């Protein structure tokens, strides 16, 4: 059930109406839990059992951990929780990848191994709800939160449908307190939530799918056939496509939650206006990057073990972050490149880096960061190393004419440059602050444009959000 589908629109309207007429808070929570499981079962009903098992297991582990005194048994329960969660994630998401690599490694030493075809489907959203659930168990272990919440509250936290299948990764410490106390969306929350939903759908359907995706898919499908202009349009276009696709989903999720009275954290803050790579990761997929920082980088030692140890911790974190996105060496390469950028940035940073740089230098740093991030999206988007190398070579292939078509090319490049300008404008303020400065007439006009465009250009082609595959 896609946010950009008529089915979801009907589902959402029904949920809103029934939710508001429920007489008690407990009844509302039970209804949201049922609705969330209906939402998830629309993808693949049998996989509801995995979600239910993971939820029940982590709730039980956390309750036991919360009641126990410090000692080996308490740590053993945490380790058991980690092993079961990561074991499930590893089996479904990386089982086929590991099997294929084992087969290739065996072939290198002359062993021909032909395993059965790996045809197990990846449960949608398993990476997101596993990380959300793990945050609860780990926080209870460190006594950052209590582990005595009710099963209803915990089950709703894990399965709450706005963030279930593609984030944001909302931590238990942020969402559970909201679930435990009665929530009511104010008129302002409800209006802003619907506005975010409209803007998120506009970002996904119009910008990501209609303007950027056709150019990106055509060039990356056969990169050897296209010259420099087309390839640059596709590379810039994918920066726009993945940003508007995923930030659009995040806006939809945040907006839907707001209409029900819940507040989610921001997931993007003008990432393409970042000044450096550490700044980029403070702005891109914030809930994932902060999760990796708090639950992986810092436990590894963070920056407390000297320069070499810190560099290793950064690289390990980014390699795992790349692998989190999918079972492919291309994602590992992408994560490793970003790890190398962060390490290099740390070494290049001077002691007086806190001194404000001239404006021209700041703009230059922002453009350099955007250019490197954009080029690094190539291995992320390419299906294999050959496709990535061919696309990279295409950036300098000046002997082929433009083949994409004038109108798609102009729209793609034009939208990419407008996106960069918009990111600069939002760098030091949020979308809510920027919209709040506009008159009510201007706000209404923006929403009207979004809705009219959705009506005119959303005809039946319901593309899944890119991050659904992660």
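The values are calculated or read from the model by the stated rules, or taken from the named source; none is laboratory data. Note that the coordinates shown come from a computational prediction; the quantities given were computed from them, not determined experimentally. Neighbour counts are summed over all protein chains in view; Cβ atoms, including those assigned to glycine, are modelled from backbone coordinates with ideal geometry.
Below are the figures for this structure:
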item	result
Yes/no for residue 262 being in the same structural domain as residue 457 (by TED's automatic domain parsing), within 16 Å of residue 287 (Cβ to Cβ) and modelled with pLDDT of 95 or more	yes
For residue 409: the one exception among (1) over 26 Å from the mean Cα position of the chain (by Cα); (2) closer than 15 Å to residue 231 by Cβ; (3) loosely packed, with under 15 Cβ neighbours inside 10 Å	(3)
Among the residues listed as 376, 287, the single one being at pLDDT 95 or above and either outside the structural domain of residue 167 (by TED's automatic domain parsing) or over 23 Å from residue 427 (Cα atoms) (or both)	376
Residue satisfying all of: in region 224-234; crowded, with 24+ Cβ neighbours inside 10 Å and in a helix (DSSP H, G or I); nearest to the chain's Cα centre (by Cα) among these	234
Test: residue in region 389-399 that is within 27 Å of residue 326 (Cβ to Cβ) and loosely packed, with under 14 Cβ neighbours inside 10 Å	yes
Whichever residue in region 424-467 is outside any helix (DSSP H, G or I) and exposed (fewer than 12 other Cβ atoms within 10 Å of the Cβ) and, among such residues, is modelled with the highest pLDDT	428
Condition check for residue 198: over 24 Å from residue 434 (Cα atoms), surrounded by fewer than 24 Cβ atoms within 10 Å (Cβ to Cβ) and outside the structural domain of residue 141 (by TED's automatic domain parsing)	no
Helices (runs of 4 or more DSSP H) lying entirely in region 1-80 (those with 3 or more residues that are under 30 Å from residue 186 (Cβ atoms), free of Cβ contacts under 8 Å to residues at least 12 places away in the same chain and within 26 Å of the chain's Cα centre (by Cα))	6-21
Residue in region 391-400 that is in the same structural domain as residue 247 (by TED's automatic domain parsing), free of Cβ contacts under 8 Å to residues at least 12 places away in the same chain and either under 18 Å from residue 251 (Cα atoms) or within 25 Å of the chain's Cα centre (by Cα) (or both) present	no
Residue in region 304-324 that is assigned to a loop (DSSP other than H, G, I, E, B), modelled with pLDDT under 95 and under 30 Å from residue 12 (Cβ atoms) present	no
Flag for residue 36 being farther than 28 Å from residue 261 by Cα and buried (at least 20 other Cβ atoms within 10 Å of the Cβ)	no
